[in-house]
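Asks: The structure follows.
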Amino acid sequence: MASISEWYAGKNVLITGATGFMGKVLMEKLLRSCPDVKALYILVRPKAGQSMSERVQDMMMCKLFDRVREDNPDFHQKIIPISSELTQPGLAISPEDVQTLTSCINIVFHCAATIRFDEPLKHALQLNVIATQQLLSLAQQMQHLQAFIHISTAYANCNRRHIDEVIYPPPVEPKKLIDSLEWMDDSIICDITPRLIGDRPNTYTYTKALAECVVQQESGKLNIAIIRPSIVGASWQEPFPGWIDNFNGPSGIFIAAGKGILRTMRASNDAVADLIPVDVVINLTLAAGCCSHVHFYFRPKTALVYNCTTGGINPFHWGEIEHHVMSTFKRNPLEQAFRRPNANITSNYLINQYWILVSHKFPALIYDLFLRLSGQKPQMMRIFNRLHKAIGLLAYFSSQDWEWNSDNMNMLMSQLSADDRRTFNFDVRQLNWPEYIENYCIGTKKYVLNEDMSDIPAARQHLRKLRNIRYTFNTVLLVFIWRVFIARSQMARNIWYFVVSLCFKFLSYFRASSTLTQ
Ligand SMILES: CCCCCCCCCCCCCCCC(=O)SCCNC(=O)CCNC(=O)[C@H](O)C(C)(C)COP(=O)(O)OP(=O)(O)OC[C@H]1O[C@@H](n2cnc3c(N)ncnc32)[C@H](O)[C@@H]1OP(=O)(O)O
Ligand SMILES: NC(=O)C1=CN([C@@H]2O[C@H](COP(=O)(O)OP(=O)(O)OC[C@H]3O[C@@H](n4cnc5c(N)ncnc54)[C@H](OP(=O)(O)O)[C@@H]3O)[C@@H](O)[C@H]2O)C=CC1
């Protein structure tokens, strides 16, 4: 059997979602480890005032592509952008581009999706389900197509505790839902959304489950694999450790904790934190693309599903993550932290509410008051409100465990040659979690916040200043309490003297007993 990089040699690859987090890592890996790939056709839309070509040019300048640039400065010649808006009929691809794609594409990687948890159902359906359906129709017209790889999520079936590598019956027949939502008013859809999504937490997981069903319906005609990653985090090894470029999932939480903004969050210390490094997901995706074609003729014509998770193989828990995140940010502080990093997770609702009041809302109020008094616009309360919305939406995933079967991932690994296993490593048994979390946190500092590592001494100095402010504040508070309560009330004074004398007694007893034992 040819190696993975030999298999991709001379192939034309179509990628949706190439401007996204995973899409970019996929492109980088293909260009670096499969240098003979013929061309990468990427579907891109204009966005935020930038044209399609400006976006692609910006993307190629990104640090992520440094290694590829070193190996081949002309790598951009292999990237062919195609204008497309996935929510439009026919994906808004021009007839000439359709002609090109149908005549030359050999492999499709479908990464595009809306991953927002608060996306209105109609839009999530449009992008995650209808666009997938349209892409599959386009794929059927491709004369030389060898594999179609769909990126789903391990949480598509999060209403189940144990998740096998099979496509489960959908919560509703996608076509029926699409037809009925078509004529409905947005406000009606909003009202019925909770009833529709049922025991799933959001429209994202719901529409990803429907998309799997749509993919399944086409699996007889095409050679399809579905990759289901869990919580995709920064890169583990490639192209360098800690690469991350967004606030999604845990990244935003880590940053908020490192900045000293987040002090409490609802999560279970003992629940498995099913993070999966982005390079692992991409290596598995590329291997699956190659192997599903090679084995297509020898297996039943259904989509092969790969659960891409760590929990069952090399488990790590949210409590341990909290510990390593805090310790990394204390050693490598973020610039201009609001308070010293000290976040705690708790599964207790009341304790969490108490700390939200004391450690989030109260400091935010004081800081906003200070901003107002100094003639500036208050902003801290607004930041906390957004943070509370984000953590409220994420808590579902950090408060419970799931069990994913990963037989297909293991089987795929066993089919690879030793060289391929090294180049396209997705063996998470080798993952050293403390080292990974440290690189992840440093990655958020360097690549998301664009902070310079040489400024760490100044950031440490800032933390010392914050510590001194805290000590001063606590002392002032103590003196204030003394003046207001203790100095004015006889009963409070009596209690105070009683406590102090008890402490003295305890101290003298302790001193006496330690002298006796010497
Ligand atoms: C030490 C503690 C350890 C314990 C740690 C536990 C971690 C527990 C993680 C579980 C993770 C499950 C992941 C499931 C696995 C998938 O299937 S992966 C798909 C993952 N999808 C996501 O993560 C998307 C979630 N994000 C959203 O849905 C939307 O961004 C939100 C949270 C609803 C906010 O929407 P919005 O209010 O319209 O605002 P948006 O413009 O998106 O962002 C507003 C602000 O929030 C910030 N923000 C966005 N996301 C986040 C975030 N995750 N956190 C913080 N801030 C955020 C943005 O940076 C932005 O700040 P500014 O730049 O304005 O200052
Ligand atoms: N990130 C994670 O933790 C996980 C992700 N996944 C899955 O992996 C895949 C990739 O996720 P990720 O890279 O993180 O997501 P991103 O949000 O980073 O990227 C989404 C991509 O989809 C594109 N896209 C969105 N809307 C449209 C549209 N209307 N027309 C054209 N393109 C569009 C975006 O383009 P643009 O830049 O123009 O917006 C972007 O390239 C998704 O299918 C997701 O469900 C699964 C599990 C976990």
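Asks: Could you figure out which of (1) within 22 Å of the chain's Cα centre (by Cα); (2) touching a residue at least 60 places away in the same chain (Cβ under 8 Å) isn't true of residue 3?
Replies: Among (1) within 22 Å of the chain's Cα centre (by Cα); (2) touching a residue at least 60 places away in the same chain (Cβ under 8 Å), the lone unmet condition for residue 3 is (1).
Asks: Here is a follow-up. Quick check on segment 93-104. Is at least one of its residues within 13 Å of ligand 2 (Cβ to nearest atom), among the charged types (D, E, K, R), assigned to a helix (DSSP H, G or I) and open to solvent by 50 Å² or more (accessible area, probe 1.4 Å)?
Replies: No, that holds for no residue.
Asks: Now, a different point. Scan segment 390-407 for residues that are under 30 Å from residue 292 (Cβ atoms) and surrounded by fewer than 21 Cβ atoms within 10 Å (Cβ to Cβ) and jot them down.
Replies: 401, 403, 405, 407, listed by residue number.
Asks: Among residues belonging to segment 49-91 that are assigned to a helix (DSSP H, G or I), open to solvent by 50 Å² or more (accessible area, probe 1.4 Å) and farther than 22 Å from residue 446 by Cα, point out the one that is nearest to ligand 1 (Cβ to nearest atom).
Replies: Among those residues, the one meeting the criterion is 54.
Asks: Which of (1) more than 30 Å from residue 146 (Cα to Cα); (2) surrounded by fewer than 20 Cβ atoms within 10 Å (Cβ to Cβ); (3) touching a Phe, Trp or Tyr at 6+ places or on another chain (Cβ under 9 Å); (4) of a type outside the set (Phe, Trp, Tyr) does residue 203 not meet, given it meets every other one?
Replies: Going through the list (1) more than 30 Å from residue 146 (Cα to Cα); (2) surrounded by fewer than 20 Cβ atoms within 10 Å (Cβ to Cβ); (3) touching a Phe, Trp or Tyr at 6+ places or on another chain (Cβ under 9 Å); (4) of a type outside the set (Phe, Trp, Tyr), residue 203 breaks only (2).
Asks: Okay, moving on. Could you say which residue among 509, 471 is farther than 30 Å from residue 339 by Cα and free of Cβ contacts under 8 Å to residues at least 40 places away in the same chain?
Replies: 509
Asks: May I pose another question? Name every residue in segment 395-428 that is closer than 15 Å to residue 33 by Cα and within 16 Å of ligand 1 (Cβ to nearest atom), in order of residue number.
Replies: none
Asks: Among the numbered criteria (1) at pLDDT below 95; (2) open to solvent by 50 Å² or more (accessible area, probe 1.4 Å); (3) within 30 Å of residue 32 (Cα to Cα), which one does residue 179 miss?
Replies: (3)
Asks: Check 404, 433, 482, 496 and return the single one that is in contact with a strand residue (DSSP E or B) (Cβ under 6 Å, 6 or more places away or on another chain) and of a type in the set (Phe, Trp, Tyr).
Replies: Residue meeting the stated conditions: 404.
Asks: Across segment 260-295, what is the total count of residues that are farther than 18 Å from residue 319 by Cα and within 10 Å of ligand 1 (Cβ to nearest atom)?
Replies: 1
Asks: Would you kindly identify the helices (runs of 4 or more DSSP H) lying entirely within segment 245-350 that contain at least 2 residues that are touching a helix residue (DSSP H, G or I) at 6+ places or on another chain (Cβ under 6 Å) and more than 23 Å from residue 27 (Cβ to Cβ)?
Replies: Hits in segment 245-350: 250-258, 318-331.
Asks: Quick one: in segment 112-161, which of the residues that are outside any strand (DSSP E or B) and of a type in the set (Phe, Trp, Tyr) is most open to solvent (accessible area, probe 1.4 Å)?
Replies: If we take residues in segment 112-161 being outside any strand (DSSP E or B) and of a type in the set (Phe, Trp, Tyr), then 117 is most open to solvent (accessible area, probe 1.4 Å).
Asks: Which of the residues spanning segment 162-198 are away from ligand 2 (no atom under 16 Å from the Cβ) and in a strand (DSSP E or B)?
Replies: Matches in segment 162-198: 162 only.
Asks: While we're here: Name the residues in segment 471-482 that are surrounded by 12 or more Cβ atoms within 10 Å (Cβ to Cβ) and closer than 20 Å to residue 362 by Cβ, would you?
Replies: 473, 481, listed by residue number.
The values are calculated or read from the model by the stated rules, or taken from the named source; none is laboratory data. These numbers were taken from a predicted model, which means no experiment stands behind them. Don't worry about glycine lacking a Cβ; one is built from the backbone with ideal geometry, like all the others, and counts go over all protein chains shown. Note: accessible area is taken over every heavy atom of the protein model, side chains too, but ligands, DNA and RNA are not part of it. Shrake-Rupley method; radii C 1.70, N 1.55, O 1.52, S 1.80 Å.
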